[in-house]
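Have a look at the structure below before the remarks.
Here, each number is a calculation from the coordinates, and none is a lab measurement. Everything numeric here is computed off the predicted structure, so don't read it as measured data. Neighbour counts run over all protein chains shown; Cβ positions are idealised from the backbone, glycine included.
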Amino acid sequence: MRMLSVVNPQIPRPRLVAVEADPIIHSRAKELEDKKVSPNDRILRECIRVTTDNLENLRDRFRAHLSGLSVPYYLLCGLHCCGDLSVAAINLFISDPNAHSLALIGCCYHKMTAQMFPLSAMLREALTQRCGFSALTSTVALRLACQWSPQQWCRWSHLEVHQHRIRVFVRSVIQVFFGPHSAAPSPKLREIVRINPLNWLTDDLQSANLLSVNQPLPNLTAYWRALQKIDEHCDFEALQCLARTQAAVELWRLLPGILTLQQLMQPLLEALILSDRVWALRESGTPYVTLLRLFDPLLSPRCMALVAER
């Protein structure tokens with residue numbers, strides 16, 4: 001409905017095709033629409049998980065909805081399209097002549113499959129000649145590209161920065177402990193890493209020099225014990241020993257620099273991903289392609305829209 005209110009002043013009686021991958025959400029949306037006294041016949045719904053392999057199916061569905069229109073063009077719009085969905089939307093726009101315009105905000109770059117980045121021949125050639133693909137196409141690099149924006153980092157207090165340092169340290173220790181070479185990887189790893197270690201801290205953080213590289217590693221004994229209650233594979237003694245190794249202590253000391261480097265690298269990596277999509281559309285012959293910031297990055301760090309028009 002929000003989409004209809006935005007485009008309505010420009011286009012009389014616009015028709016909206018809402019595409020949803022989750023059948024439960026799709027059914028609920030239809031039920032809510034059916035309960036209205038005057039259902040909106042301009043909202044059409046399709047339940048399909050869009051991938052780069054089923055674009056022809058989606059094009060056929062769109063053509064069926066557009067067949068009765070005098071001008072069968074449409075605007076392809078996506079807000080925070082996750083992972084490969086953004087790439088699928090771009091490919092659909094390129095391949096379907098009825099797709100007149102594109103407005104797309106992506107997210108979750110780390111969920112893209114390896115062959116989906118880079119999209120453009122320009123970036124592929126540049127990486128091949130200079131540094132190769134592995135560094136920029138790794139999950140670590142793509143995950144970094146979709147973290148907090150510099151505007152959000154700058155608003156953190158000293159205490160929040162220190163708390164983030166603790167979270168990153170804890171997650172690193174847990175990921176090493178339950179890594180691919182672990183004898184008993186935990187099926188509850190996702191649940192475990194979400195437990196807030198700050199709830200078990202006894203250190204007085206208010207009076208400490210929290211940004212100091214030499215800030216001591218906090219006592220996390222109570223936290224490791226709490227994890228053991230969640231999953232039997234969380235060996236308290238082993239976790240405690242791992243967190244006290246020289247390598248772990250060195251990681252703790254390095255984290256302020258690593259987190260600062262993250263803040264510097266995040267906007268550069270995201271800009272490279274977005275620019276690659278602009279270049280791919282230009283290489284396809286699309287006459288107008290640009291990037292447009294749609295809203296405040298403090299509300300959402302993924303605020304840049306890829307806009308294209310034939």
> ³J(HN,Hα) across segment 102-108 via Karplus (A = 6.51, B = -1.76, C = 1.60, θ = phi - 60°), whole Hz, x for Gly/Pro?
Replying inline: 9, 9, 9, 10, x, 6, 6
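Taking the Cβ of Glu250 as the centre, find all other residues whose Cβ is under 15 Å away and add up their charges (Lys, Arg: +1; Asp, Glu: -1).
For residues surrounding Glu250, the net value is +3.
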> D for segment 65-179, whole µm²/s, Stokes-Einstein with Kirkwood Rh over alpha-carbon pairs at 20 °C and 1.002 mPa s: what number?
Replying inline: 122 µm²/s
> What net charge is computed for the residues neighbouring Asp22, neighbours being all others with C-beta under 15 Å from the C-beta of Asp22, Lys and Arg scored +1, Asp and Glu -1?
Replying inline: +1
> Which of the trypsin sites (Lys or Arg not before Pro) found in segment 25-120 are in a DSSP loop and have at most 13 neighbouring Cβ atoms, other than their own, within 10 Å?
Replying inline: Lys35, Lys36, Arg42, Arg49
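Can you give me the relative contact order of segment 43-115 as a percent, contacts being Cα pairs under 8 Å and 6 or more apart?
Worked out over segment 43-115, it gives 34 percent.
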>> Could you derive backbone 3J(HN,Hα) for segment 137-149 from the dihedral phi with the Karplus parameters 6.51, -1.76 and 1.60 (θ = phi - 60°), listing whole Hz in sequence and x where the residue is Gly or Pro?
In response: 9, 6, 4, 4, 5, 5, 5, 4, 5, 10, 8, 4, 7
>> Spelling out what I want: for every residue of segment 297-309, take phi, set θ = phi - 60°, compute 6.51 cos²θ - 1.76 cosθ + 1.60 (Karplus), and round to whole Hz; glycine and proline get x.
In response: x, 5, 6, 8, x, 8, 10, 8, 9, 8, 10, 9, 8
